[in-house]
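Colleague: Structure provided below as C-alpha cells; questions to follow.
The values are calculated or read from the model by the stated rules, or taken from the named source; none is laboratory data. All values derive from a computational prediction rather than experimental measurement. Note that each Cβ is placed from the backbone with ideal geometry, even for glycine, and that neighbours are counted across all protein chains shown. The accessibility values were calculated without ligands, DNA or RNA, using every heavy atom of the protein model including side chains. Shrake-Rupley method; radii C 1.70, N 1.55, O 1.52, S 1.80 Å.
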Protein chains: 2
Amino acid sequence: MSDESVLVIGGGPAGLEAARGAADLGSEVILVEQRARLGGTPDSAGYSAFALDHRPAQEVLEIARQAVLTHPLVRVHLETEVSSFAGELGSFRATLKAADGTLTEVSCGAVIIATGFDHFDPGRETQSYGYYEFEDVITLVDAERMLQAKNFVRPSTGEPPKQVCFIQCVGSRDRRIGNEYCSKVCCGVATKEASEIRELVPDCRVFIFYIDMRMYGFWEDRIYWKAQEQDHVNFVRGIVTEITRRGDRLVIKGEDTTMNRPMEIPMDVVVLSVGMVPSEGTKAVGKMLGVAQDKHGFIVPSESALDTVATSVPGIYVAGAAAGPKDLDDCVSMAGSAAMKAVAALRRRSPVSV
Amino acid sequence: MSDESVLVIGGGPAGLEAARGAADLGSEVILVEQRARLGGTPDSAGYSAFALDHRPAQEVLEIARQAVLTHPLVRVHLETEVSSFAGELGSFRATLKAADGTLTEVSCGAVIIATGFDHFDPGRETQSYGYYEFEDVITLVDAERMLQAKNFVRPSTGEPPKQVCFIQCVGSRDRRIGNEYCSKVCCGVATKEASEIRELVPDCRVFIFYIDMRMYGFWEDRIYWKAQEQDHVNFVRGIVTEITRRGDRLVIKGEDTTMNRPMEIPMDVVVLSVGMVPSEGTKAVGKMLGVAQDKHGFIVPSESALDTVATSVPGIYVAGAAAGPKDLDDCVSMAGSAAMKAVAALRRRSPVSV
C-alpha cells in the first residue's frame, strides 16, 4: 500500500461515503470499523427510516455498504481499531488492532476521521425523567427500533399505546449538564417518528413538547407540515419538569408556555429526544491523532468559514458527527468534501499522478 | 480543453470551492460568473460577517477568490452567461456569452451548477410590512450593508436608532405566498446582526420577533446564547401583523404569543428577515441544462439520502443554495462533494488517468 492511500476511520454513513469517494478518485483506501458490520450508528441503533425522504434506513445503508465492499480499491477491516498513530501528511503510519489481537501496520498519506456520535445517556444528570426507573420511558433510539420492527407498543404491557409524547432537548441546549449546543436532528427525527407512530397506531394521540421546532429548510414542509396536517401530531410549546407514575400509567407534569398554564397529562409511553454527544471512538481517535477537540471531544474544524473538514493537523480530515451535531446530508456532503481534499493534498505532493 | 474538464456555473462560495476542488484534483476548470467579480451574493449584497465565526465576509471571500484566480487549471469568465447547452456526461458542449456579446464554444465532461439564491422580495404579497412604503423598514441585506460600513442608522434621519426589531420568516414558512419551506439561515443571520447592532449602537434596544429560533448545532451557543446573555438582545415569540407610522416613528402591532397579549411598540428601524428564493440564474440554468427542478425553481438532488449533489442528469451536479436554502457550511461541503463526484465520474470513463 503506497503513501497515496487514504485511511478512513469509521464505517458509518460519513465513513462509507468518504471511502467510496476517495477510491472513486483512484486512491487506495483502508477503511477501519470497530463494529462487526458497516453502517455505523444508524445500523447498530436500528434506525427505521431517514428523516427527510422517509426511505428505509437499511435500504439506504446497504447501497452505501455494497459500494464500498465491492470497490477494488477499498480494503475493509471490521472489528478493528487504530491502536497507534504517527507521521505526517504523505507518510502517516498506523497500527490496526483486530478483535483477536492481531496487529497490522499500515502506511497512508492522509486520514479521514468519521468516528461519529453517541446518543446522550438520559440517565446522566436528568433523573427527573426516570429513564432507568420507568419501563415506559424510552428514547428516540428505542422508539426507532420498534418502528423498524413495525411494532410500536407500551414496553410494560406489550399493548399498543393510546397516548404518547416526545420530550425534546434531552441532553441538548442544557447548560446544567454542559451541553449548550443544539443537537440539530432531534426535532426532525422526533417528528418523523411521531408520524410513523400515527400510521402504525392510528387511534394513538401523539404529542411533542418542544422549545423551538428546528425544522430547517425542506424539513419544514416535508416533515413538520405533514406531521401536523396529515398525521395530526400535537405540537405543544412547553416544558416537562417531571414524570411520575399514577396507577399503571405515566403522568407528565409541566407548563404549556403557549397557553401559559400548568399541564398534567397521562401518557402510556414517553419518548426522550436524546441529543448527540461525541462517541467514545471520536474522543479516543481525536486524542490519538492529536487533532484539536472541543471541551466535549468533538473534533474542531480548523477554518470553519471556508473549509468544513480540515482539522488542526495537515492531512487529517473529519467528516460527519465526529465534528459536532450533523444531519445525514451534512455527513454525506462533508464526506465527499473530505475525500476530495485528502486525495488533492496527496496529488499536490506527487504531481506526476494528477 | 479536453472533455475531462469541468464547467462550474456561478462564482459564489459554492462555485469557488467547487472550482478549486476540481482543479486541485487535476481537472481543468471553466468557471463562469455573470457578475463582474467573483464572490456571489455575499459579495454583491455586501455581507458584513459570516454567521458562525463572525469573520469579515470580504476577508473570507478574498481567500476563496484568490485560490481560484491564481490556480493554473482554472479559467475564469466574468460577466459571462451560458447561452446554450447540449451533450452528455463526458462530452457536453456549452456556448458562453460575454457581456459584449462575444460567443465562445467550450466542451466539458461534467458540470457543477452553483447559481445560488436571491433574497425574497418583501414587496411581493407582504404589503402589510410596508417595505416600499416606509424608509425605515429595511431587509436583512440592507442591514448587512450598513453593518459592513460600521454605520447602522435610521435611513430616514441618518441618526443612530434607539429601538430596532427584526421580523423573522418574511417570505418563508408562508403558504399564502407558496414558500412553505424554512429558509434555514435567517434566524442565525438576524441574531448575528442583532449582536452587531448592539455593539455598534450600545444604547439601542434590539428585538427579534420569531416563530421558532432555528439555531441548530453550534449556532445555539455561539450565536444565540451570546446574543441573549452578552449582547442583551430581546427575543420575543410573537407575530407582527402590521407596521404603521405614528409621527416620525414606526409602530409595530401584533401579538406576543408567550405572554398571550397584544403588543404595540414604537420602532426606529424594522428589519425584515427575508428568506431565500432560487436566483433567476438558477431557474434559467436549471431549465437550459434540463435538470429536475421543484415548483420554486430550486434544483432537486436525485437521491437525497446518499448523495446531496447529483441532479437528474448524469454528469451534472449542484452545489449550494441552487438546491434549496443552505448555510455557508452546506455550500462549502456540497461544493467539495460535487468536485469529487464530477472528477470521479470523468476518470471512471477513462481509467488510464486514475
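Colleague: Of the DSSP beta bridges with both residues in the protein assembly as shown, give the percent that are antiparallel, rounding to the nearest 5.
Modeller: Given both bridge residues lie in the protein assembly as shown, the antiparallel proportion sits at roughly 55 percent.
Colleague: If you restrict to DSSP beta bridges whose two residues both lie in chain A, what percentage is antiparallel, to the nearest 5? Walk me through the numbers on the way to the answer.
Modeller: Numbers: 37 of 69 bridges.
Approximately 55 percent, going by the DSSP bridge assignments.
Colleague: If you roll a 1.4 Å probe over the protein assembly as shown with all protein chains in place, what percent of the accessible area is carbon or sulfur?
Modeller: On the way: 13110 of 25790 Å².
Carbon and sulfur together cover 51 percent of it.
Colleague: So, one more: Please give the total accessible area that chains A and B bury against each other, computed with a 1.4 Å probe and expressed in Å² to the nearest 100. Kindly include the intermediate steps, with their values, before the conclusion.
Modeller: On the way: alone 15460 and 15510 Å², together 25790 Å².
Buried area between the two chains comes out at roughly 5200 Å².
Colleague: How high is the relative contact order of the range B:120-275, in percent, with contacts defined as C-alpha pairs under 8 Å that are six or more residues apart? Kindly include the intermediate steps, with their values, before the conclusion.
Modeller: Numbers: 299 pairs, mean separation 47.9, N = 156.
Result for the range B:120-275 is 31 percent.
Colleague: What is the spin-label model distance, in nm, from A:SER107 to A:GLU133 if the labels are put 7 Å beyond Cα along the C-beta direction?
Modeller: Label at A:SER107, label at A:GLU133, 5.9 nm between them.
Colleague: I've got another one for you. Using a probe radius of 1.4 Å on heavy atoms only, what accessible surface per residue do you get for the protein assembly as shown? Whole Å² is fine. Before the final figure, lay out the partial values.
Modeller: On the way: 25790 Å² over 708 residues.
Accessible surface, normalised per residue, equals 36 Å².
Colleague: Determine the distance separating the Cα centre of the range A:55-120 from the Cα centre of the range B:246-278; give it in Å without decimals.
Modeller: After rounding, the separation between the Cα centres reads 53 Å.
Colleague: What area, in nm² and to one decimal, does the C-alpha convex hull of chain B cast on average over all directions? Intermediate values should be presented prior to the final figure.
Modeller: Details: hull surface 73.6 nm².
The directionally averaged projection comes out at 18.4 nm².
Colleague: Mind checking the full-extension length gain between A:ASP100 and A:ARG145? Use 0.36 nm per residue of separation minus the Cα-Cα distance, one decimal, nm.
Modeller: Numbers: separation 45, 0.36 × 45 = 16.20 nm, distance 2.99 nm.
Full extension from A:ASP100 to A:ARG145 adds 13.2 nm.
Colleague: With charges only on Cβ, +1 for K and R and -1 for D and E, what is the dipole size of the range A:116-249 about its Cα centre, in debye, rounded to 20? The partial results should precede the final answer.
Modeller: Details: 19 positive and 22 negative charges, 43 e Å.
Roughly 200 debye for the range A:116-249.
Colleague: Let me ask another. Please list the non-local residues whose amide H lies under 5 Å from the amide H of B:GLN163, H modeled 1.01 Å from N, same-chain partners needing a gap of 5 or more.
Modeller: Correct list: B:ARG205, B:ASP268, B:VAL269.
Colleague: Let me ask another. Per residue of the range A:182-190, in order, report the coupling 6.51 cos²θ - 1.76 cosθ + 1.60 (Karplus, θ = phi - 60°) as ³J(HN,Hα) in whole Hz, putting x for Gly and Pro.
Modeller: Rounded to whole hertz, the list is 8, 8, 6, 9, 5, 4, x, 5, 4.
Colleague: Let me ask another. With N set to the number of residues, divide the alpha-carbon radius of gyration of the range A:120-275 by 2.2 N^0.38 Å and report two decimals.
Modeller: On the way: Rg = 14.4 Å, N = 156, 2.2 N^0.38 = 15.0 Å.
Ratio of Cα Rg to 2.2 N^0.38 Å: 0.96.
Colleague: Can you compute the helix-only [θ] at 222 nm over chain A? Use -39500 (n - 2.57) per DSSP H run of at least 4 residues, normalise by all residues, nearest 500 deg cm²/dmol.
Modeller: Numbers: 7 runs with 86 residues, N = 354.
That calculation yields -7500 deg cm²/dmol at 222 nm.
Colleague: Set Lys and Arg Cβ to +1 and Asp and Glu Cβ to -1, take the dipole of the range A:120-275 about its Cα centre, and tell me which of A:TYR210, A:ILE167, A:SER195 lies farthest positive.
Modeller: Value computed over the given set: A:TYR210.
Colleague: Magnitude of the Cβ-charge dipole of the protein assembly as shown, K/R +1 and D/E -1, about the Cα centre, nearest 20 debye?
Modeller: 140 debye
Colleague: Continuing with this model, one more query. For a label point 7 angstrom out from the Cα of B:ALA284 toward its Cβ, which stretches of the range B:83-115 have the backbone nitrogen within less than 17 Å?
Modeller: Inside the label zone: B:83-86, B:94-104, B:113-115.
Colleague: Now for a different question. Along Cα-to-Cβ, 7 Å out, sits the label point; list in nm, shortest first, how far the one on A:ALA99 is from those in the other copies.
Modeller: From this label point to the equivalent ones elsewhere in the assembly: 6.4 nm.
Colleague: With all protein chains present and a 1.4 Å probe, how do A:GLU264, A:GLU144 order by accessible area, largest first? Provide the component values of the computation, followed by the final result.
Modeller: On the way: A:GLU264 100, A:GLU144 5 Å².
Correct descending sequence by accessible area is A:GLU264, A:GLU144.
Colleague: Given a cut-off of under 8 Å on Cα pairs at least six residues apart, what relative contact order in percent is computed for chain B? Write down the numbers at each step before the final one.
Modeller: Details: 805 pairs, mean separation 73.0, N = 354.
About 21 percent, as a whole number.
Colleague: Please find, in a Gaussian network model of chain A (springs between Cα atoms separated by less than 10 Å), the residue of A:THR95, A:THR241, A:THR308 whose mean-square fluctuation is greatest.
Modeller: A:THR241
Colleague: Here is a follow-up. How would A:ILE239, A:ILE211, A:ILE30, A:ILE265 line up by accessible area, probe 1.4 Å, largest first?
Modeller: Numbers: A:ILE239 90, A:ILE211 65, A:ILE30 0, A:ILE265 35 Å².
Correct descending sequence by accessible area is A:ILE239, A:ILE211, A:ILE265, A:ILE30.
Colleague: Put a label point 7 Å from Cα along the Cβ direction on B:GLU242, then list its distances to the equivalent points in the other copies in nm, shortest first.
Modeller: Between copies, matching label points for B:GLU242 lie 4.5 nm apart.
Colleague: Another question about this same structure. With springs connecting C-alpha atoms under 10 Å apart, model chain B as a Gaussian network and identify which of B:GLY26, B:GLY188, B:GLY15 has the largest mean-square fluctuation.
Modeller: Highest fluctuation among the options: B:GLY26.
Colleague: Right, here's the next one. Per residue in the range B:197-232, which ones lose no less than 50 Å² of accessible surface when going from chain alone to all protein chains (1.4 Å probe)?
Modeller: Buried on complex formation: B:ASP212, B:ARG214, B:TYR216, B:GLY217, B:PHE218, B:GLU220, B:TRP225.
Colleague: Sticking with this structure for a sec: When the dipole is taken about the Cα centre of chain A, and only Lys, Arg (+1) and Asp, Glu (-1) are charged at their Cβ, what size is it in debye, to the nearest 20?
Modeller: Working: 37 positive and 48 negative charges, 75 e Å.
Result for chain A is approximately 360 debye, rounded to the nearest 20.
Colleague: Write down, largest first, the equivalent ellipsoid semi-axes of the protein assembly as shown in whole Å, where each equals the square root of 5 times an eigenvalue of the alpha-carbon gyration tensor. Don't skip to the end; give the middle numbers.
Modeller: Working: eigenvalues 303, 252, 98 Å².
Semi-axes, largest first: 39, 36, 22 Å.
Colleague: Separate question: Once you place label points 7 Å from the Cα toward the Cβ at B:ALA292 and A:ALA36, how far apart are they in nm?
Modeller: 3.8 nm
Colleague: Peptide B:320-329: average number of partner chain Cβ atoms within 10 Å per residue? Let's see the in-between values first.
Modeller: On the way: counts 0, 0, 0, 3, 2, 4, 4, 3, 4, 10.
Mean partner shielding for this stretch: 3.
Colleague: I've got another one for you. For the range B:278-337, run through the trypsin sites (Lys or Arg not before Pro) and keep only the ones in DSSP coil with at most 12 other Cβ atoms within 10 Å of their Cβ. Let's see the in-between values first.
Modeller: Values: sites: B:LYS283, B:LYS287, B:LYS295, B:LYS326; in loops: B:LYS295, B:LYS326.
In loop regions of the range B:278-337 (DSSP not H, G, I, E or B), the sparsely surrounded trypsin sites (Lys or Arg not before Pro) are B:LYS295.
Colleague: Please calculate the 1.4 Å probe accessible area of B:TYR132, with all protein chains present, and give it to the nearest 10 Å².
Modeller: 150 Å²
Colleague: So how much slack lies between A:THR241 and A:GLU264, counting 0.36 nm per residue of separation and subtracting their Cα-Cα distance, in nm? Walk me through the numbers on the way to the answer.
Modeller: Numbers: separation 23, 0.36 × 23 = 8.28 nm, distance 1.03 nm.
Between A:THR241 and A:GLU264, full extension yields an extra 7.2 nm.
Colleague: What FRET efficiency comes out for the pair B:ARG75/A:ASP248, r = Cβ-Cβ distance, R0 = 60 Å, nearest 0.05?
Modeller: Numbers: r = 73 Å, r/R0 = 1.21.
Efficiency at R0 = 60 Å is approximately 0.25.
Colleague: I need the inter-copy label distances for B:ASN151: point set 7 Å along Cα to C-beta, values in nm with one decimal, smallest first.
Modeller: For B:ASN151, the inter-copy label distances come out at 7.1 nm.
Colleague: Rounded to the nearest 10 Å², what accessible area does B:GLU199 have for a 1.4 Å probe in the complete protein model?
Modeller: Counting only protein heavy atoms, the figure is 110 Å².
Colleague: Next question. How would B:THR282, B:THR244, B:THR157 line up by accessible area, probe 1.4 Å, largest first? It would help to have the intermediate numbers written out before the result.
Modeller: Values: B:THR282 0, B:THR244 35, B:THR157 65 Å².
Descending accessible area places them as B:THR157, B:THR244, B:THR282.
Colleague: Give me the inter-chain shielding for B:24-35: mean count of other chain Cβ atoms within 10 Å, whole number please. Present the calculation step by step, with values, prior to reporting the outcome.
Modeller: Working: counts 8, 10, 8, 1, 0, 0, 0, 0, 0, 0, 0, 0.
Taking the mean over all residues of the peptide, I get 2.
Colleague: Do any trypsin sites (Lys or Arg not before Pro) in the range A:74-165 lie in a DSSP loop with no more than 14 other beta carbon atoms within 10 Å, and if so, which? Walk me through the numbers on the way to the answer.
Modeller: Details: sites: A:ARG75, A:ARG93, A:LYS97, A:ARG124, A:ARG145, A:LYS150, A:LYS162; in loops: A:ARG124, A:LYS150, A:LYS162.
Answer in residue order: A:ARG124, A:LYS150.
Colleague: Normalised radius of gyration for the range A:207-354, please: alpha carbon Rg relative to 2.2 N^0.38 Å, two decimal places. Display every interim value, and only then the final one.
Modeller: Values: Rg = 22.0 Å, N = 148, 2.2 N^0.38 = 14.7 Å.
It is 1.50.
Colleague: Okay, moving on. Kindly report, to the nearest 10 Å², the accessible surface of B:TRP225 as traced by a 1.4 Å probe over protein heavy atoms only.
Modeller: 40 Å²
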